[in-house]
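None of the figures in this text is laboratory data; all of them are computed from the coordinates on show. Quantities reported herein were computed from a predicted structural model and do not represent experimental measurements. Glycine gets a Cβ as well: all are built from the backbone with ideal geometry, and neighbour counts include every protein chain shown.
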Ligand SMILES: [Zn+2]
């Protein structure tokens, strides 16, 4: 059900932006989802297609995955981590329990497993295209 609440929130903010930009019709909405966010893009896309109305009637929804940025708490090094490089079981474990990441990932500079996820969770609107 999480995806449905998210779809509603996305449509609400997309509508606000469309109103600010005085769009009569929205043709494309690009959404970015942090790769550690627990969202299933197909479900989100389905929810959006079921809920869209008014100015979104002919809108396409693009859902992109955003890479994660990690930052070491010991030495301060920040690095991008591609979770797709992990094997499937590990990636899945991290997807459901992001804290598990600390078992598998270490700082590339000092080797510490103590890092924070700076970017990787969250859902945001990247772009809205439409006609005035
Ligand atoms: Zn470090």
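Once every DSSP H run of n ≥ 4 in the chain is given -39500 (n - 2.57) and the sum is divided by its residues, what mean residue ellipticity at 222 nm do you get, rounded to the nearest 500 deg cm²/dmol? Could the numbers behind the result be given before it?
Numbers: 4 runs with 43 residues, N = 132.
About -10000 deg cm²/dmol.
Which of 89, 18, 66 ends up with the largest GNM mean-square fluctuation for the chain, with Cα atoms connected below 10 Å? Answer for the Gaussian network model of the chain: 89. Taking the Kirkwood radius as Rh and the Cα radius of gyration as Rg, segment 31-77 has a ratio of Rg/Rh equal to 1.23.
Segment 84-107 and segment 65-83 have their alpha-carbon centroids 13 Å apart.
The angle between the Cα long axis of helix 2-20 and the longest principal axis of the Cα atoms of the chain comes to about 60 degrees, rounded to the nearest 10. Counting only the backbone N, which residues of segment 43-69 are under 20 Å from the spot 7 Å out from the Cα of residue 102 toward its beta-carbon? So the set is 68-69. Against the main long axis of the alpha-carbon atoms of the chain, helix 41-51 sits at an angle near 20°. In this label model, residue 2 and residue 85 are separated by 2.6 nm, measuring between points 7 Å along each Cα→Cβ vector. Computed from the Kirkwood radius of its Cα pairs, the Stokes-Einstein diffusion coefficient for the chain at 4 °C and 1.567 mPa s stands at 80 µm²/s. Among 72, 119, 110, the largest mean-square fluctuation in a Gaussian network model of the chain (Cα springs under 10 Å) belongs to 110.
Look at the alpha carbon pairs under 8 Å that are at least 6 residues apart: their mean separation over the length of the chain gives a relative contact order of 38 percent.
In segment 68-118, the convex hull through the Cα atoms has an average projected area of 3.1 nm², a quarter of its surface area.
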